[in-house]
Amino acid sequence: MPAFRHFLDCANPLQGFARLRCQNCGSERLVPFSCRSRCVCPSCEMRKAIEWAEWIAEGLLEPLPHVQAVLSIPKLLRLYFLYDRGLLAELARCAWQALKLYIEQSLEAPPGYQAGAVVCIQTFAENLRWNPHMHVLLLSGMLNQAGEFLPLSHWDLSVLSEIFRREVCRMLQRKGLLSEERLRLLYSWRHSGFHVHIGAPLDPRRNSSAFEGLARYLVRAPVRHAQLLVDPGRSEHPELSADSHLDRPSDATVLLRLQRPDQVTGAAVERLSGLELLARLSLHVPQAYQALRFYYGAYSNLARHRRAVVPTPEYQHPSEQQEQQGGISRKAWRRRWAYLIKKIYGEDPLVCPQCGGEMKVLALITEPRTIDTILGFLRRYHPERLPGAGQDPTLTYQSRAGPALL
């Protein structure tokens, strides 16, 4: 699978890097390129999540109350979406239709008002098993083109869950995937298995940091670095699942930490072989050009264009106002790659670690011969500073050959 091959080369200097030099002391730093694979590399996914979260908080969402909605489906229906990934887009539309219908019936708004939502599809559970569900940033009310807002304060989750169930069942029936017998079975359950959760309202004007954190959670990677560790042996982890078929310590190489204990076994850590981990991760790698984020209603491209014709007062974050006075806007700063590295790793690659001075990019090194020359110099004079693939993407060394390196 290409995504895993690309992940092996993430932050690998053999695949190229940027060369930076301090203007004060002459110290140099190499910043290897990232892999940009989808749903496999936690570091690259975090960078994209930060960038997307700041974009929707500053450039997309209206400065009005929003809620997080989570919509899930029963286990009986999940396999349909595993073997036909195109149905995930239809599932997102079902979630939007259910939310829109509920808001319209609750508010009874006059013509011209519409709801708005950003629907993000996640296919993984905490243990990386297949569990398609939707996380939705939902406008808590309805909006018209003039910017007038009608808020919705009460949510009846039982009614909303029933609307969602009917939308999903009708969609699967239209596709010819749900027989009448299975449809009657679904409707006969006392607990339908369709679940809807609505969180507390958040206003981007007052809770900007919490809002961006929520947005990053919506598009997070299936697994984090902190969840994985090399298994030193079964005896040191008695909390492991007792029914694991990997009885020999040599067979289990990875421990997957769970935030909540498993509902069946009660284990807080799951023992996996390397192949099992890759098999579970491969379930959640999207197909090429497959969209996992959808914009509906007031946040669709058409509605945003129409509102731009009738401009409304634009809200500015206080830090954005200060940065604009200093000559650089918050949006321009967000696009800088150094800013994203700093938010992920806590270190600014454009600040010299030796003297604290400013570092500038000298070149982007992609030619194999030049790469071998520079890395050969490091192997000879600074072998302890050669990074491995997947490590911290910054590498510092003191240049002793100057321009001859290139």
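We did not get these values from a lab; they are worked out from the coordinates using the rules stated. What you are looking at is a predicted structure, and each value in this text was computed from that prediction instead of being measured. Because the Cβ atoms are built from the backbone with ideal geometry, glycine has one as well, and the counts that use them run over all protein chains shown.
The table that follows gives values for the structure above.
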read-out: Note, ³J(HN,Hα) from phi for region 123-135, Karplus 6.51, -1.76, 1.60, rounded to Hz, x at Gly and Pro; value: 10, 10, 8, 5, 8, 6, 7, 6, 8, x, 7, 10, 10
read-out: Ranked Met1, Met134, criterion: other C-beta atoms within 10 Å, fewest first; value: Met1, Met134
read-out: Largest to smallest principal axis extent of the C-alpha atoms in region 1-100, angstrom; value: 61, 40, 17
read-out: Which of His197, His284, His6, His191 has the fewest Cβ neighbours within 10 Å, and the rest in rising order; value: His191, His197, His6, His284
read-out: Asn301 paired with Gln173, simple spin-label distance in nm, labels 7 Å along Cα-to-beta-carbon; value: 3.4
read-out: FRET efficiency estimate (nearest 0.05) - Cβ-Cβ, Arg293 to Ala146, R0 35 angstrom; value: 0.80
read-out: Gain on full stretching of the segment that runs from His195 to Ala226 - 0.36 nm per residue minus C-alpha separation; value: 8.3 nm
read-out: Stretch gain in nm, segment Gln263-Leu8, where the contour uses 0.36 nm per residue and the Cα spacing is subtracted; value: 88.4 nm
